[in-house]
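The structure under discussion appears below in the form of C-alpha cells.
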Amino acid sequence: MRRIVSIALMACALTLQAQNTHRHTTRTHKKVDTHAEDSLAADSLMMPVTPYADSLQVLLDRYQQAGAESTGQNGSRSVNPYYFPLFSVGTLYNGPLQQSFYLNEAAAREQRQSCALTQDARLTTLYGVNEVLAQMYALHPEYFSQTQEQLMEKGALAADITAPIKTENKLAEQAKLADIEHDVVDNIAAITRRPNFWTLKGEASLKFTQSYFSDNWYQGGDNNYAALAMVTLQANFDNKQKVQWENKLEAQLGFQTTKGDTVHKLRVTNNLLRLTSKLGYRAIKSWYYTTRFQAQTQLYPNYRTNSKTVTTDFASPLYLSLSLGMDYKWNKKRFEGSLYIAPVEANARYVQWKSLRANYNDGPHQATKWTWGPNVVINYKWRIIDNITWQGRLYAFTNYHYTNIEMENTFSFYINKYLDCTLFVYPKYLDDRKYGKAKDDPEGSYWMFKEWLSLGVRYSW
C-alpha cells in the first residue's frame with residue numbers, strides 16, 4: 001500500500017512539472033491536453049504495482065493516447081522510456097543526484113528555464129523524472145534497494161558510447177608538407193637568462209639664478225649670477241626575498257658672482273660629494289638588519305672673502321661613518337621612505353691638509369678624529385601632487401659632548417619633462433665649538449640655515 005501511494009505522489013509531481021514547463025514555452029510549441037495527463041495520473045493509481053513491466057506498459061499506452069508521442073527510426077509510434085525509473089525496482093540513479101546538488105538556487109532556476117526554452121519534450125520529461133526521484137530519495141529512502149552501478153554490472157543498463165569519432169580530412173591529405181632541414185633545428189640553442197635584481201636610476205640638473213639692482217636702489221645690493229649643477233646616481237639591489245642593498249651618490253657644485261670679494265670673481269655656494277650605502281637583511285616584514293656607510297667631502301676648494309686662505313678642500317675634511325642598526329621601510333602610494341636607528345655609530349673626521357687640521361681636529365698632528373654615539377636617519381619622499389614633490393633627509397647624531405642635527409628639504413615643481421623649479425631649505429643645529437659662531441662666541445646661536453630657489457633644466461633616466 002505504501003508503494004502505491006509513493007507512485008501516485010511521483011506521478012502527480014511529474015504532471016505538475018510538465019504543466020509548468022509548457023507554460024514557459026513559446027506559442028508555436030504544440031500543447032498537450034492537461035486533462036488527458038490528469039487522467040493518465042489517475043489511471044496510474046489503479047494499476048497494479050507488481051509486476052513492474054505490466055504497469056509500465058499500461059502507463060505508456062495511456063501516454064500515447066493522451067497525445068505525447070515520439071517517432072521511431074522506421075517512422076512508427078514508439079513508447080516513451082523516460083518514465084521507466086519511476087515504476088521499476090527502486091534504484092538510486094546518478095542523474096537525479098547530480099541534478100539536485102547545485103551550489104545555489106539561482107543555478108537550479110537557470111537550468112529549469114533553459115530546459116523549458118529548448119522545447120524538447122524528452123529533455124523536459126527527463127528533468128521532471130529526475131526531480132521526482134530526488135524528492136523520493138529524500139522522503140522515502142527505504143524504497144530503494146540498489147544503485148545504478150549494480151545494474152550496470154549485471155548488464156541491465158547500457159553504457160554511454162565513449163569511443164572517439166573518426167573523421168577523414170581529405171583536404172589535409174592533399175596539402176603538401178613543408179621541407180624542414182634538420183641542420184636548422186640542430187643549431188638552435190636554449191638561452192637561460194638570470195633575473196636582474198639591480199635597479200639603476202639617475203638625475204642631472206642645471207639651475208640658473210640672476211639678480212639685478214640699479215645704482216640708486218635705496219637698499220643697495222650687488223648684481224650677481226648664479227649657477228648650480230647637481231647629479232644623483234642610484235644603484236639598488238633587491239632579490240625580492242631577504243637582501244636589499246641601496247647605493248646613492250650625490251654631487252653638487254654651485255658658483256655665484258660677487259662684487260664684495262676683490263680677490264675672487266666667483267664664490268662657491270654649493271659644494272658636496274656624498275656616497276651613502278645601506279646593506280640590509282630582512283628581519284620581519286618591513287624591518288631589516290642594516291649596515292650603513294657614508295662618506296662626505298667637498299669637490300672644490302673654498303676661500304675666505306678677500307683672501308687666498310683655504311677653508312675647505314677635497315678630503316679636508318672627509319667625514320666617514322659606519323653603523324649597525326635596524327631599518328624600517330614603507331611605501332604608501334604617494335609617500336615612501338625609511339627610518340634607520342643605530343645604537344652606535346663610529347664617526348671619523350679626516351683632514352688631509354695639515355694647515356686645516358687644527359680647525360677641525362684637536363691639533364695639527366691629528367689627521368683623524370674618532371667619535372662614537374647613537375644616530376637616527378630618516379629619508380622620505382612625498383609626491384604631494386603630480387608635479388610637486390617634497391624629498392628630504394633628517395640626520396641626528398650625538399657623542400654626548402656635541403650634537404649634530406640637520407634636515408635637508410628639496411621641493412621640486414615640475415613644469416614639464418625637462419624644466420623645473422627647485423626650492424632647497426636646509427636648517428642645521430651643531431653645538432661643536434669647532435664650527436660656526438660657537439667657535440668665536442660661546443653665547444652665539446648653534447642654529448644655521450641655508451636656502452636657495454632656482455629654475456633650470458632637468459633630465460632623469
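Just so it is clear, none of the values below were taken in a lab; they were calculated from the coordinates. The structure presented is a predicted model; accordingly, all values stated were derived computationally and were not measured. Note that we place each Cβ from the backbone using ideal geometry, even for glycine, and neighbour counts take in every protein chain shown.
Brief remarks on what is shown
- Prolate/oblate/rounded label for region 341-384 (Cα gyration tensor, a/c 1.5): oblate
- Potential lengthening of the chain between E153 and A204 amounts to 10.1 nm, from the contour at 0.36 nm per residue minus the alpha-carbon distance.
- Electrostatic tally near K285: other residues with Cβ closer than 13 Å to its Cβ, Lys and Arg +1, Asp and Glu -1, net +2.
- Computed from label points 7 Å out along Cα-Cβ, the spacing between R122 and L394 is 8.1 nm.
- Theoretical gain in end-to-end length, F314 to F84 [0.36 nm per residue, Cα-Cα removed]: 72.6 nm
- Förster radius 45 Å - calculated FRET efficiency between V376 and N223, Cβ distance, rounded to 0.05: 0.55
- For the cross-link pairs K201/K329; K285/K369; K248/K369; K259/K428; K242/K428; K265/K450, the ones whose C-alpha atoms lie over 31 Å apart are K285/K369; K242/K428.
- Available extension along the chain between D238 and Y328 is 30.9 nm, counting 0.36 nm per residue and deducting the alpha carbon span.
- Nitroxide proxy distance, nm - points 7 Å out along Cα→Cβ at I415 and V344: 5.3
- Spin-label pair Y289/L266, simplified geometry with 7 Å Cα→Cβ offset, distance in nm: 4.8
- Restriction of the trypsin sites (Lys or Arg not before Pro) in region 290-363 to DSSP coil positions whose beta-carbon has at most 13 other beta-carbons within 10 angstrom yields R304, K308, K333, R334.
- Here is the list for region 268-344: chymotrypsin sites (Phe, Trp or Tyr not before Pro) lying in DSSP coil, each with at most 16 other C-beta atoms within 10 angstrom of its C-beta, are F314.
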